[in-house]
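The values are calculated or read from the model by the stated rules, or taken from the named source; none is laboratory data. Bear in mind the structure is a predicted one, so any value in this text is a computation, not a measurement. In this analysis, Cβ positions are derived from the backbone assuming ideal geometry, glycine residues included, and neighbour counts consider all displayed protein chains. Note: areas computed on protein heavy atoms with side chains; ligands, DNA, RNA excluded. Shrake-Rupley method; radii C 1.70, N 1.55, O 1.52, S 1.80 Å.
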Amino acid sequence: DAPGADTTWLNAVIAHHAGVAPGSTGTLTASSIDALVKPLAELEMKVTLTIEDVQAALEEASATALHRVPRAVSEITQMRDDGAALKEAIAHAGGQLAAAEASSAAACEVLSSVDAVKVRMEEARDTLAEAASLSDVLASADEVFANGHLNDMARTVAQLRQGLTKVGTVPMFAHAEEKVRRLEGR
């Protein structure tokens, strides 16, 4: 049993070593007291040594803990500084991303404008090619009709109609519609 705050346990141990029956009202004799001195002295020594061991262990644990505190504080400070540096780096990267986004948006607008110009230039190229073809067909139309081949004449009128649908708004072909009507009338 573990000793408690009450003295019953101690009295029972003493009575046992003194040879007195537990619960009896017998008295201790000088020889029974002498028999108790040695076990009690040993018990006192054990308790004292145990207390000293516990005290030494507590002092060692306290010293170790006290040595760890500055290191822990230093590590916490370093972690806080690292966190602040990381936060600053993230903010800087965010700023760079925002700048890159703005730059990309401007570049996309320029590319879109360039693409629109390219599309218009391709349309102009196609219109010019069609206009050149229409000019050639108009120039050769009188000769084709002079030969009198009906298939060639029909193909020429069809080419003229198709060309006029593509470039009819060009001022240099304003007279072409009238010429096609005249050729169809032949």
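Pairs linking a residue in the stretch 35-55 that is closer than 18 Å to His16 by Cβ to a residue that is open to solvent by 80 Å² or more (accessible area, probe 1.4 Å), with Cβ atoms under 6 Å and 6 or more positions apart or on different chains, are Leu36/His17; Pro39/His17.
Just the residues that are modelled with pLDDT of 90 or more and aliphatic (A, V, I, L, M), please, taken from the stretch 31-64.
The first filter runs over the stretch 31-64 and keeps only residues modelled with pLDDT of 90 or more, leaving 45-64.
Result: Met45, Val47, Leu49, Ile51, Val54, Ala56, Ala57, Leu58, Ala61, Ala63.
Among the residues of the stretch 155-166, those that are in contact (Cβ under 8 Å) with a residue 12 or more places away in the chain and either touching a Phe, Trp or Tyr at 6+ places or on another chain (Cβ under 6 Å) or charged (D, E, K, R) (or both) comprise Arg161, Lys166. Among residues of the stretch 139-154 that are open to solvent by less than 80 Å² (accessible area, probe 1.4 Å) and aromatic (Phe, Trp, Tyr), those with a beta-carbon under 8 Å from a residue that is at pLDDT 80 or above and part of a helix (DSSP H, G or I) at least six positions away or on a different chain give the pairs Phe145/Met153; Phe145/Thr156. Identify all residues within the stretch 169-184 that are free of Cβ contacts under 8 Å to residues at least 24 places away in the same chain, exposed (fewer than 15 other Cβ atoms within 10 Å of the Cβ) and part of a helix (DSSP H, G or I); write none if there are none. Selection gives Pro171, Glu177, Glu178, Arg181, Arg182. Would you check which residues across the stretch 82-109 are over 22 Å from the mean Cα position of the chain (by Cα) and among the charged types (D, E, K, R) and list them? The one that is over 22 Å from the mean Cα position of the chain (by Cα) and among the charged types (D, E, K, R): Glu109.
Can you name every residue in the stretch 9-30 that is loosely packed, with under 10 Cβ neighbours inside 10 Å and either modelled with pLDDT of 70 or more or assigned to a helix (DSSP H, G or I) (or both)? Matches in the stretch 9-30: Ala30 only.
Ser113: over 31 Å from the mean Cα position of the chain (by Cα), in a helix (DSSP H, G or I) and more than 30 Å from Arg161 (Cβ to Cβ), yes or no? It is true that Ser113 is over 31 Å from the mean Cα position of the chain (by Cα), in a helix (DSSP H, G or I) and more than 30 Å from Arg161 (Cβ to Cβ).
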